[in-house]
Every structure is written in structure tokens, then in C-alpha cells.
1. Quick one: Karplus J couplings for the range 56-72, per residue in order, coefficients 6.51, -1.76, 1.60, θ = phi - 60°, nearest Hz, x for Gly and Pro?
2. For a quick check, take a GNM of the chain with Cα springs below 10 Å and name the residue from Glu30, Glu93, Glu76 with the largest mean-square fluctuation.
3. Amide H of Gly94: which non-local residues (sequence gap of 5 or more, or other chain) have their own amide H closer than 5 Å, using H built in the peptide plane?
4. Tell me, what ³J(HN,Hα) does each residue in the range 29-38 have, in order and in whole Hz, if you take phi through Karplus 6.51 cos²θ - 1.76 cosθ + 1.60 with θ = phi - 60° and put x for Gly and Pro?
5. Which pairs in the list Lys29/Lys101; Lys75/Lys101; Lys29/Lys58; Lys58/Lys118; Lys29/Lys62 are over 29 Å apart, alpha-carbon to alpha-carbon?
Amino acid sequence: MHVHLERINDAVQFRGTNGHHTITIASSKEQQGISPMEMVALATGGCSSIDILLILEKQRQKVTGLQVAVDATRKEDGPSSEFTAVHLTFTAEGPDLDPAKVQRAIDLSLANYCSVSKMVEKTATITYTLVVNGTEIAANATA
């Protein structure tokens, strides 16, 4: 993997690229762009979502919609402020979608497959809530 960062103005703000896609990295809420820790939160949700969809596809589950909300808490003291808790809320939609299979796919992703969650779990407790076709299936579950 190769990515490249370039400072784009006098502020602490960067443009990042993997050679195909570009993002703006911001150092404050006043700037346009996404902060590095927001990117980690997004990456955790994105990585697990990819796994979940691939697992469910193999199980012949038709997923017509998947959303993930990520809420993360950061350490407040010390020189670094890594995540201490990450909660993902998965909302899945699909005809005849088996909630048990969706929950198992989430567990497999977070416990075994998602590289980002494996890094994040070194400092943070990861929990999730699952909603399938409008019904809450699991709340504050751990993989």
C-alpha cells in the first residue's frame, strides 16, 4: 500500500491520495475535511461493512441497504488521545434477511477479519447494536 500526503495551505491541513482518490485531512473542526481520528472511525465502520456484505453474499442473503453509525470516545488525558470505546450501530435492510446471519457476520468481521477493528481494539472496547428491517436485534453486543 502506498499513500501520499501534501500540505495544502498555511494551516495544518493536507490532501491525501492513494493515487486514485483524494481526501482532505483537517486538523480542526473549523477546516473543511476529515480529521485523522474521524478517518479511523470511518475506516472501522467501512472495513467491517465490507466484510459483513461479503459474508452475507456467500450465505445468499440479499442485503438491499446497510448503514453504520460510529460513535467513538477518546482518552482525555496524556500526550495521545486514542479511542477508548467504539460503538457501531449497524442498520441492515433486505427481504427475508436472517437477523442471526447478520449478527454472526458482524461477530466474524469484528473478531477475525476487519484489520482496522483489530488495530482499534488494542486501545478501545468495541461494541455494536444491530437493527434489521427496523427491529433491534442486539444492543451493546461485543464480538
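Just so it is clear, none of the values below were taken in a lab; they were calculated from the coordinates. A quick note: this is a predicted structure, and the numbers were derived from the prediction, not measured.
1. For the range 56-72, the Karplus-derived couplings read 5, 4, 5, 8, 6, 9, 8, 9, 9, x, 8, 10, 9, 9, 10, 10, 10 Hz, x marking Gly and Pro.
2. Answer for the Gaussian network model of the chain: Glu30.
3. For Gly94, the qualifying residues are Thr64, Asn133.
4. Once θ is set to phi - 60°, the couplings for the range 29-38 become 5, 6, 8, 6, x, 10, 6, x, 6, 5 Hz.
5. From the list (Lys29/Lys101; Lys75/Lys101; Lys29/Lys58; Lys58/Lys118; Lys29/Lys62), the Cα-Cα distance tops 29 Å for Lys29/Lys101; Lys75/Lys101; Lys29/Lys58; Lys29/Lys62.
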